[in-house]
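Just below is one structure, and these are the notes that go with it.
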Amino acid sequence: MPVSTIPYHSIMGNYRQTNDTREMSDGIVPYSSSHLDHAVSEKIIKAKHSVHEEAETLLELRRILRLHLEQNPNR
């Protein structure tokens, strides 16, 4: 469980052709198990469980890192 005082983001895969969160899955973990309440952002990428290998995931990571750098320029 994430610590409430630390901002966190969520990136998850969905290989199914649906936007219905009750049916979304990366092939191993259903959306209902991977969703984190109170995440600063949630990015769902068309991918299976190996979502970390997708170019779109890397772009989202860059976006998140830049966001945190802008919010904390002296760190």
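Things worth noting here:
- Filter result for Ser50 (loosely packed, with under 10 Cβ neighbours inside 10 Å and in contact (Cβ under 8 Å) with a residue 12 or more places away in the chain): no
- Scanning the stretch 27-36 for residues that are more than 12 Å from the chain's Cα centre (by Cα) and not in a strand (DSSP E or B) returns Gly27, Ile28, Val29, Ser32, Ser33.
- Selection count where residues are touching a residue at least 24 places away in the same chain (Cβ under 8 Å) and either surrounded by fewer than 13 Cβ atoms within 10 Å (Cβ to Cβ) or aliphatic (A, V, I, L, M) (or both), scope the stretch 18-43: 4
- Flag for Ile64 being part of a helix (DSSP H, G or I), surrounded by 10 or more Cβ atoms within 10 Å (Cβ to Cβ) and in contact with a His (Cβ under 9 Å, 6 or more places away or on another chain): yes
- Residue in the stretch 53-70 that is farthest from the chain's Cα centre (by Cα), counting only those that are under 16 Å from Val40 (Cβ atoms) and among the charged types (D, E, K, R): Glu70
- Filtering Glu42, Glu70 for residues that are touching a strand residue (DSSP E or B) at 6+ places or on another chain (Cβ under 9 Å), outside any loop (DSSP other than H, G, I, E, B) and not hydrophobic (A, V, I, L, M, F, W, C) leaves a single hit, Glu42.
- Subset of the stretch 5-17 (residues that are loosely packed, with under 12 Cβ neighbours inside 10 Å and either farther than 28 Å from Arg66 by Cα or of a type in the set (Ser, Thr, Tyr) (or both)): Thr5, Gln17
Where a number appears in this text, it was derived from the coordinates with a stated rule and is not lab data. The structure presented is a predicted model; accordingly, all values stated were derived computationally and were not measured. Because the Cβ atoms are built from the backbone with ideal geometry, glycine has one as well, and the counts that use them run over all protein chains shown.
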